[in-house]
Every structure is written in structure tokens, then in C-alpha cells.
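Worksheet: one structure, shown below.
The values are calculated or read from the model by the stated rules, or taken from the named source; none is laboratory data. These numbers come from a predicted model, not from an experiment. Cβ placement follows ideal geometry from the backbone for every residue including glycine, while neighbour counts extend to all protein chains displayed.
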Amino acid sequence: RGAQRPGQQAPRRRVEHAHPPPGRTARGTRLPDIVRAAPAIGALLLLFGGALLGAVRRSLFPPGGGLDLAPWRQVLSDPALADAGRFSLTVTAFATLIAALLAVPIAAALRHQPLVRAAFALPVLVPHLVIAVTAVAWLGPGGLADRLLGGLPFELVRDRAGAGIVLVYVYKELPFLVLLLVAGWDRETAEREEAAAMLGAGRLQRFRWIVWPAVRTPLATGSLIVAAYVLGAFEVPLVVGP
């Protein structure tokens with residue numbers, strides 16, 4: 001009973017194909033980081049790129065007239081344009097780099113402390129203008145820090161180097177990056193990190209082979225978003241800058 005008769009075909013078994021885990025293809029290979037970050041990058045380009053193209057179109061074709069290049073000639077011939085662009089790109093690069101470097105160790109320290117992490121994330125909810133005004137009240141000449149410390153050793157408000165601007169941007173954008181990294185530092189990553197530690201892997205080895213592959217995509221995507229916000233938040237240089 002139950003034996004297969006000669007000439008009788010074996011019954012076909014139904015094979016259920018499991019869905020691949022997020023970030024992997026059906027063959028189990030890992031998707032490139034740029035592909036996984038494509039939705040966020042596309043949304044960023046759509047939002048900022050659409051506004052930029054609209055501004056360029058309006059400058060070339062003013063209402064009620066045809067093509068007019070006179071405003072572009074006037075702006076491009078101004079020597080202050082190159083200085084302003086160089087200053088903006090320098091501030092953006094330094095603020096994004098410092099925030100990205102600090103985000104990883106802070107995320108590692110706060111991932112098991114939800115209350116402290118919630119308090120640390122409060123600047124995310126505060127507008128740039130409010131933080132800039134608070135920075136002037138605290139760090140400006142005659143401000144609270146100036147009176148408590150008997151004078152700051154260097155200027156942070158209205159300084160030509162833009163150190164105060166970078167400080168405000170880092171204070172504002174760093175919690176955002178930390179939240180992204182904590183979200184990418186999930187339970188599976190923590191379990192793999194503990195297993196590697198039990199097998200004798202050092203701290204740097206665990207970070208290189210387990211933690212870094214899990215957090216590099218959120219860090220890269222978040223850094224792009226931070227750079228875009230820093231480059232477009234003109235109220236901070238207006239209040240804190242020279």
C-alpha cells in the first residue's frame with residue numbers, strides 16, 4: 001500500500017517559494033547600496049530638483065515676456081557669487097562630515113537607552129531659525145555662555161570662518177542621523193554582533209563586518225538629506241553668519 005505502480009507518475013509536490021528578505025534578490029544576493037537607496041535619492045531629487053528647475057525657468061522666462069538673459073549676466077558677473085558659493089559648499093561639507101562621523105558612536109551609545117535617545121532627538125522637531133536665534137543668545141557677545149565663562153576664547157557668531165554656522169547645523173542634523181542609524185541597527189544585527197563576540201571577534205572586527213554593512217546605507221542616505229537641508233537652510237547663515 002502506498003507503493004508506486006509501474007508506469008504511474010509520481011505525484012507532483014507543491015513547492016512554495018518564500019519571499020526574499022528585504023534588500024536581497026530571489027537568489028539571495030544582496031542588492032547594491034545605491035539600488036537600496038534609490039527611492040530616497042529619487043524623492044530628494046524630485047523635491048529639490050523640481051523646485052530648482054522651476055526657479056531657473058522663471059528666471060529665464062519672466063512673466064509677460066520672452067527669453068531674458070540679463071538677470072543671469074548680472075548675477076554671473078558679480079564677484080561675490082563665487083565667494084558665496086564657495087562658502088556655502090565649505091559649510092555644507094564640514095557640517096555633513098562632522099555629523100556623519102559623530103552619528104555612528106553616538107548611535108552605538110544610545111541604541112539601548114530610549115529615554116536618552118528621545119531627549120537627544122528633540123532638535124529634530126525644532127526649526128532651524130529657532131536654533132539659530134538660540135545660538136546667538138547663548139554664544140554671541142554678551143550671551144549666556146560669554147557671561148558664565150567670562151568670555152569665549154574665539155568667536156562663534158558673526159565669524160568669517162563660519163564655525164558657528166557649522167556648529168548650529170551639526171546640533172540640528174546630528175540627531176536625525178542618529179535616529180536613522182539606530183533604526184538600521186536592528187535586532188538581527190545585534191544578535192550577529194553578540195555571536196561574533198562569543199566566537200572571539202574584536203570590537204573593530206564586529207564593526208567592520210557586521211555593524212558597518214547594516215548602517216552604511218542609512219548613513220549615506222541621511223548624509224545626502226542633511227547636505228541638501230544645510231545647503232538650502234539660508235536662515236542659519238543669515239542669523240549666525242558674518
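Just for helices (runs of 4 or more DSSP H) wholly inside the range 1-90: which have at least 1 residues that are at pLDDT 80 or above and of a type outside the set (Asp, Glu)?
Details: elements: 33-36, 38-60, 70-76.
The qualifying helices (runs of 4 or more DSSP H) are 38-60, 70-76.
Would a scan of the range 213-220 turn up a residue that is without any contact (Cβ under 8 Å) to a residue 60 or more places away in the chain, of a type outside the set (A, V, I, L, M) and part of a helix (DSSP H, G or I)?
So far as the range 213-220 goes, yes, one or more of its residues are without any contact (Cβ under 8 Å) to a residue 60 or more places away in the chain, of a type outside the set (A, V, I, L, M) and part of a helix (DSSP H, G or I).
Of the residues in the range 194-237, how many are over 29 Å from ALA51 (Cα atoms) and under 24 Å from the mean Cα position of the chain (by Cα)? Break it down stepwise before answering.
So the first thing to find is which residues in the range 194-237 are over 29 Å from ALA51 (Cα atoms), and the list is 194-215.
Still in the list and also under 24 Å from the mean Cα position of the chain (by Cα): 204, 206-215.
Count: 11.
Listed here are the residues, each with its yes/no results for (1) touching a residue at least 60 places away in the same chain (Cβ under 8 Å); (2) exposed (fewer than 12 other Cβ atoms within 10 Å of the Cβ).
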{"position": "ALA38", "(1), (2)": "no, no"}
{"position": "ILE41", "(1), (2)": "yes, no"}
{"position": "LEU45", "(1), (2)": "no, no"}
{"position": "GLY49", "(1), (2)": "no, yes"}
{"position": "ALA55", "(1), (2)": "no, yes"}
{"position": "PHE61", "(1), (2)": "no, no"}
{"position": "GLY66", "(1), (2)": "no, yes"}
{"position": "PRO71", "(1), (2)": "no, yes"}
Worksheet item: For the range 123-153, how many residues meet the condition of being part of a loop (DSSP other than H, G, I, E, B) and modelled with pLDDT of 85 or more?
Response: 2
